[in-house]
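Asks: Here it is: the structure, laid out below.
The values are calculated or read from the model by the stated rules, or taken from the named source; none is laboratory data. Just so it is clear, the model here is predicted, and its values are computed rather than measured. With ideal geometry, Cβ positions are generated from the backbone for all residues, glycine too; neighbour counts draw on all protein chains shown. The area values use the complete protein model at the heavy-atom level, side chains included, leaving out ligands, DNA and RNA. Shrake-Rupley method; radii C 1.70, N 1.55, O 1.52, S 1.80 Å.
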Amino acid sequence: MLTLQALRHDRPAVEAALSKRGLDAAPLLDQILELDLQRRTTQKEVDDLKAEQNAASRAIGDLFKAGKKEEAESRRAEVGLLKERIQALDEKQKALIQQQEDALLELPNRPHESVPSGQSEEDNEVVAEEGDKPNLGDSAKPHWELADQYKLIDFEAGVKISGAGFPVYRGKGAKLQRALIQFFLDRADAAGYEEFIPPHVVNADSGRGTGQLPDKEGQMYHCTEDDLYLIPTAEVPLTNLFRGDLLKSDELPIQLCGYTPCFRREAGSYGKDVRGLNRLHQFDKVEIVRFEKPENSYAALDGMVEHVRGLLRELELPFRTLRLCGGDLGFTSALTFDLEVWSAAQERWLEVSSVSNFETYQANRLQCRFRNAEGKPELVHTLNGSALALPRIVAALLENHQTADGIRIPAALQPYTGFDRIA
RNA sequence: GGAGAGAUGGCAGAGUGGUCGAUUGCGGCGGUCUUGAAAACCGCUGUACCGCAAGGUACCGGGGGUUCGAAUCCCUCUCUCUCCGCCA
């Protein structure tokens, strides 16, 4: 969430930035600042009364010690009155803080100055397009047909044992999956990201820390018995690794990566979007996460995008890079680049990575800070990106590298698969 | 699942009703000494909120209670550790 300080000191800029999301934040900002004013007034009152009470208590103690029992007793009654007033104000104060917190939670992150305004994905800015789209003509088969033809994925089996959106990978399909995970992790490791294997279920505090809760409650699988959530992305456990921490300046930057399955309910999805591997309830992903000093975070973001592009080049997939517009930008993000691969048979772009800088939005919720040059705690910037999400990569590999006599495996991947073709 | 112990500042670890926001050690910062460094010695060193400031308030796992006054007593929740049981 945004910091109160930012709203207080920089309100016009915040409001202008939020308007790029197509959001008129003025009423909410008014409300928050009004609550803030009330809160400060109430706090002053209650603090003064408490100071009075503390002084009285000390005096009573002294009176007892001095043996002046009568006087002490009379002052006791006096403090009793004070307490009632304090209690009432305390409750008022608590309510105000809660309201303010709730309102603050409704505000999305403030888009970076480079974010174009826009309503939807139509308005995203294509930053670059790379690689050649294969010319397959009418013979191009969609990946779900190829997956069936070469016995790589059994969608029906998944439906039987779990439900739609839970594919079963088999044979070379399973091996390809494992090879990609290993390939992505090796590349992340080489780029300086330390590998983690985090829990795949998290508590509500973690969900709140990275902003999935309360915003996306309905998108997560929730084990109510234990009040745990299946992770929708490794971002959640990985970023929460440093929740509540006060980092030393020289500990930054922190670079982590991890492979996890990801679980998403995807309520409300339908149609061609959910065909084959396009949209799943469970999928595999390697995620990269960084904690940065504010002045370095945008350079880090560029580095992460470049890392992901390198992976796509090695996989020999045509791809493009998008700078998300305000309307398509995630709730918690300040700037996001999406990477999309070309799906040769479906003839459309598939999002395979989303690389974001959250600035202090997550860190504020996480209370993840570092000691700055003045020795004062300051919120870090958090970033993350998929590097990469598997299903659509698999879809694109199958579709783009299909030939009359099988699927060609890119050279970079062959050491990992142990085969150079699926036939 | 049963029994017991515990949760205190960046870390370690004292403190069982009245200047305790908290002894001490480590770490960090500054200084003395030194050609430089180490060692030694001296000093400083939690966070948040309100306030121009002086200063005030809150925080000793979370929540509630007792009391004029709670880190300290009571209740409750969560978590950790030890032992037992079960188990990959």
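Asks: Scan (1) under 18 Å from A:F263 (Cβ atoms); (2) open to solvent by less than 50 Å² (accessible area, probe 1.4 Å); (3) among the small types (G, A, S) for the single condition A:S162 breaks and write down its number.
Replies: Condition not satisfied by A:S162: (2).
Asks: Tell me which of these A:R8 doesn't satisfy, since it passes every other one: (1) more than 9 Å from RNA strand B (Cβ to nearest atom); (2) under 30 Å from A:Q362 (Cα atoms); (3) exposed (fewer than 14 other Cβ atoms within 10 Å of the Cβ).
Replies: Single failed check for A:R8: (1).
Asks: Still on this structure: Which pairs have Cβ atoms under 9 Å, sit 6 or more apart or on different chains, and link a residue in the stretch A:87-100 that is of a type in the set (K, R) to one that is assigned to a helix (DSSP H, G or I)?
Replies: Pairs found: A:K92/A:Q38; A:K92/A:T42; A:K92/A:V46.
Asks: When you scan the stretch A:49-57, do you find a residue that is within 9 Å of RNA strand B (Cβ to nearest atom), of a type in the set (S, T, N, Q) and surrounded by 15 or more Cβ atoms within 10 Å (Cβ to Cβ), even just one?
Replies: Yes, because at least one residue in the stretch A:49-57 is within 9 Å of RNA strand B (Cβ to nearest atom), of a type in the set (S, T, N, Q) and surrounded by 15 or more Cβ atoms within 10 Å (Cβ to Cβ).
Asks: In the stretch A:294-369, which strands (runs of 3 or more DSSP E) lie fully inside it and hold 3 or more residues that are of a type in the set (S, T, N, Q) and open to solvent by less than 20 Å² (accessible area, probe 1.4 Å)?
Replies: Working: elements: A:319-323, A:335-343, A:348-359.
Counting at least 3 such residues, we get A:348-359.
Asks: Let me ask you something else. Can you pull out the helices (runs of 4 or more DSSP H) entirely within the stretch A:121-193 that have at least 3 residues that are touching a helix residue (DSSP H, G or I) at 6+ places or on another chain (Cβ under 6 Å)? Walk me through it before giving the result.
Replies: Details: elements: A:143-149, A:155-161, A:171-190.
Helices (runs of 4 or more DSSP H) meeting the threshold: A:171-190.
Asks: I've got another one for you. Return a yes/no flag: does the stretch A:20-33 have any residue that is near RNA strand B (Cβ under 10 Å from one of its atoms), out of contact with any helix residue (DSSP H, G or I) (no Cβ under 6 Å at 6 or more places or on another chain) and part of a helix (DSSP H, G or I).
Replies: no
Asks: Assuming A:G67 fulfils every condition listed in (1) of a type outside the set (D, E); (2) part of a helix (DSSP H, G or I); (3) surrounded by fewer than 16 Cβ atoms within 10 Å (Cβ to Cβ); (4) free of Cβ contacts under 8 Å to residues at least 40 places away in the same chain apart from one, which condition is it?
Replies: Every listed condition holds for A:G67 apart from (2).
Asks: Also, quick follow-up: Within 23 Å of A:D123 (Cα to Cα), in a loop (DSSP other than H, G, I, E, B) and open to solvent by 10 Å² or more (accessible area, probe 1.4 Å), is that true of A:G375?
Replies: Criteria not met by A:G375.
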